[in-house]
1. Residue check: is residue 54 more than 28 Å from residue 10 (Cα to Cα), surrounded by 11 or more Cβ atoms within 10 Å (Cβ to Cβ) and out of contact with any helix residue (DSSP H, G or I) (no Cβ under 7 Å at 6 or more places or on another chain)?
2. Can you find a residue in the stretch 118-125 that is out of contact with any helix residue (DSSP H, G or I) (no Cβ under 7 Å at 6 or more places or on another chain), closer than 21 Å to residue 57 by Cα, assigned to a loop (DSSP other than H, G, I, E, B) and in contact (Cβ under 8 Å) with a residue 12 or more places away in the chain?
3. I'm checking my understanding of the structure. Among residues of the stretch 57-75 that are surrounded by fewer than 15 Cβ atoms within 10 Å (Cβ to Cβ) and farther than 14 Å from residue 132 by Cβ, which one is modelled with the lowest pLDDT?
4. Filter the stretch 76-106 down to the residues that are at pLDDT below 90 and part of a strand (DSSP E or B) and list them by number.
5. Taking the stretch 77-89, which residues are loosely packed, with under 15 Cβ neighbours inside 10 Å and more than 16 Å from the chain's Cα centre (by Cα)?
6. For the stretch 31-39, check the following and say yes or no: at least one residue is surrounded by 15 or more Cβ atoms within 10 Å (Cβ to Cβ) and either in contact (Cβ under 8 Å) with a residue 40 or more places away in the chain or part of a helix (DSSP H, G or I) (or both).
7. Can you find a residue that is at pLDDT below 90 and either crowded, with 16+ Cβ neighbours inside 10 Å or over 29 Å from residue 139 (Cα atoms) (or both) anywhere in the stretch 107-120?
8. Tell me which of these residue 57 doesn't satisfy, since it passes every other one: (1) in contact with a strand residue (DSSP E or B) (Cβ under 7 Å, 6 or more places away or on another chain); (2) within 23 Å of residue 81 (Cα to Cα); (3) assigned to a loop (DSSP other than H, G, I, E, B); (4) assigned by TED's automatic domain parsing to the domain that holds residue 117.
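The values are calculated or read from the model by the stated rules, or taken from the named source; none is laboratory data. None of these values were measured; they are calculated from a predicted model. When we count neighbours, we look across all protein chains shown, and the Cβ atoms used for this are built from the backbone with ideal geometry, even at glycine.
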């Protein structure tokens, strides 16, 4: 008998139980799901050579995160809790470990730093610092 999955669900290949589609580990048998690094159109892989004034979009679910140490309303034990920025930004500077950006939409105004260095864990906060995945985008001029 096959179960029809609803949107936002996936089946564990090991125990055949249903899990949330964004889960990294099966909540029934703790089997890790294989992460797909799907290529993205216009993705920028060489962030050090991004020209100032370029508009970029952060791929949701990338960047810094915490790993939940206990079950909460936001996440189960071992699940990733994303802590990074999302949306469209204008590059205003390039640093040693990332990009200095300004928000370019009404949803994400202000100044920010997008970490682009090698993955590591912060000694100060314990946060996992993963580089963002970004892509180049065109921005329509706003009417005034």
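1. yes
2. yes
3. Restricting to residues being surrounded by fewer than 15 Cβ atoms within 10 Å (Cβ to Cβ) and farther than 14 Å from residue 132 by Cβ, the top hit is 74.
4. The answer is 80, 81, 82.
5. Listed by number, the list holds a single entry, 77.
6. no
7. Yes; the residues of the stretch 107-120 include at least one that is at pLDDT below 90 and either crowded, with 16+ Cβ neighbours inside 10 Å or over 29 Å from residue 139 (Cα atoms) (or both).
8. The one condition residue 57 does not meet is (3).
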